[in-house]
1. Could you give every pair whose Cβ atoms fall below 8 Å, whose first residue belongs to region 132-150 and is basic (Lys, Arg), and whose second residue is modelled with pLDDT under 95 and in a helix (DSSP H, G or I), counting only separations of at least 6 or pairs across chains?
2. Does region 44-63 hold any residues that are among the hydrophobic types (A, V, I, L, M, F, W, C) and within 13 Å of Arg107 (Cα to Cα), and which are they?
3. So which of Leu150, Leu141 ends up being among the aliphatic types (A, V, I, L, M), touching a strand residue (DSSP E or B) at 6+ places or on another chain (Cβ under 6 Å) and in a strand (DSSP E or B)?
4. If the Cβ limit is 7 Å and pairs must be 6+ apart or interchain, which residue in region 199-228 that is under 11 Å from Ile154 (Cβ atoms) pairs with which residue that is surrounded by fewer than 21 Cβ atoms within 10 Å (Cβ to Cβ) and small (Gly, Ala, Ser)?
5. Which members of region 60-93 meet the condition of being within 17 Å of the chain's Cα centre (by Cα) and either surrounded by fewer than 17 Cβ atoms within 10 Å (Cβ to Cβ) or of a type in the set (Ser, Thr, Tyr) (or both)?
6. When you check Asp55 against the structure, is it charged (D, E, K, R), under 22 Å from Gly284 (Cβ atoms) and touching a Phe, Trp or Tyr at 6+ places or on another chain (Cβ under 7 Å), yes or no?
7. Just a yes or no: is a residue in region 190-198 more than 21 Å from His159 (Cβ to Cβ), in contact with a Ser or Thr (Cβ under 6 Å, 6 or more places away or on another chain) and not in a strand (DSSP E or B)?
8. So, of the residues in region 131-160 that are closer than 17 Å to Tyr97 by Cβ and acidic (Asp, Glu), which turns out to be surrounded by the most Cβ atoms within 10 Å (Cβ to Cβ)?
Amino acid sequence: MATLYDRIKAGEFLFLDGGTGTELARRGIPHEDDPCWSARAVVDYPDAVREVHADFIRAGSDIIITNTFRASPLMLNACGLGDRWVEINTAAVRLAYDAIEEVGAGRQIHVIGSLATTTPAAAPIPPEEERRMFARQAMTLADAGVEAVLVEMINDIEHSRLALEGAKEAGIALWGGFSCTIGEKGVPLLYGSDIPLEQGLRALLPIGLKMVCLMHTVAGDMGPCLDVLRQHWSGPIGVAPHASRSPVPNQSVADAYTPEEYRSRARKWISSGVRILGGCCGIGPEYIRTARDGIQLLG
């Protein structure tokens, strides 16, 4: 059976899932005033997490991202869950595979592990300790069975470098998910910063990525960000936009565009060479289903 990276190297087009956190919030999982709410859902609401994964598989996703965006040891320590981070990360991988077994999609589904530098406001820790924490999370995800580790929402250089270098120690494929926005002068920037996307790519790509995805990025900003990425990266590219201007995965927000509009945008991204398509906040299963049906119609 082909590995995920084998399929990507062969040029196969694959669908990611969408915004797991947004879907959990839409389904009533409590999230107010708890920065670790989505990680906590893995152990408090496992059926809901599994069903979100299953719905994305039913919609056509080929790749499921574990619900571990907020499950780094650094984040969980700040939320009083530091003694449960191995349990939470391991359970999150198991729930993804349980969903695959439940749906029985009749096609090969892959699981990759999410790792993010997002943390609550807290006292800084030494860089080497931060890097070790990310390495421990990546190794735990790898031991639980993920095929790749995706460092999501890369929007700085310092902490993202530590996350990528730590995640690389897991010894499996390393993916980078860069978050991009367009600055006042029309220059693509790392989201929420004044750092040009080009500078971030030059600093972080040499760490050794297997795939680069533009994610946690507004769909309307995707074109210029893709243009910059292509100038510095010749490997496989993925796109996973927001469906709203909110960058917060736990916020239930009105969609800024319909699934049909998403499909129309997706066709343009695919024709420009994007090989992996999915979504972040606001992109639910109906978006993946509509895009997949439309792409199948394209033949």
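The values are calculated or read from the model by the stated rules, or taken from the named source; none is laboratory data. These numbers were taken from a predicted model, which means no experiment stands behind them. Please note: Cβ atoms are built from the backbone with ideal geometry, for glycine as well, and neighbour counts cover all protein chains shown.
1. Going by the 8 Å Cβ cut-off, the qualifying pairs are Arg136/Pro73.
2. Of region 44-63, the ones among the hydrophobic types (A, V, I, L, M, F, W, C) are 48-49, 52, 54, 56-57, 59, 63.
Ile57, Ala59, Ile63 - these are the residues of region 44-63 that are among the hydrophobic types (A, V, I, L, M, F, W, C) and within 13 Å of Arg107 (Cα to Cα).
3. Details: Leu141 fails: in a strand (DSSP E or B).
Going through Leu150, Leu141 in turn, just one is among the aliphatic types (A, V, I, L, M), touching a strand residue (DSSP E or B) at 6+ places or on another chain (Cβ under 6 Å) and in a strand (DSSP E or B): Leu150.
4. Close Cβ pairs (under 7 Å, with a partner that is surrounded by fewer than 21 Cβ atoms within 10 Å (Cβ to Cβ) and small (Gly, Ala, Ser)) amount to Val212/Gly235.
5. Within region 60-93, Ser61, Thr66, Thr68, Ser72 meet the criteria.
6. Working: charged (D, E, K, R): yes; under 22 Å from Gly284 (Cβ atoms): yes; touching a Phe, Trp or Tyr at 6+ places or on another chain (Cβ under 7 Å): no.
No.
7. First, pick out the residues of region 190-198 that are more than 21 Å from His159 (Cβ to Cβ): none.
No: zero hits.
8. First, pick out the residues of region 131-160 that are closer than 17 Å to Tyr97 by Cβ: 140-150.
Next, only the ones that are acidic (Asp, Glu) stay: 143, 147.
Values: Asp143: 13, Glu147: 15.
By that ranking, first place goes to Glu147.
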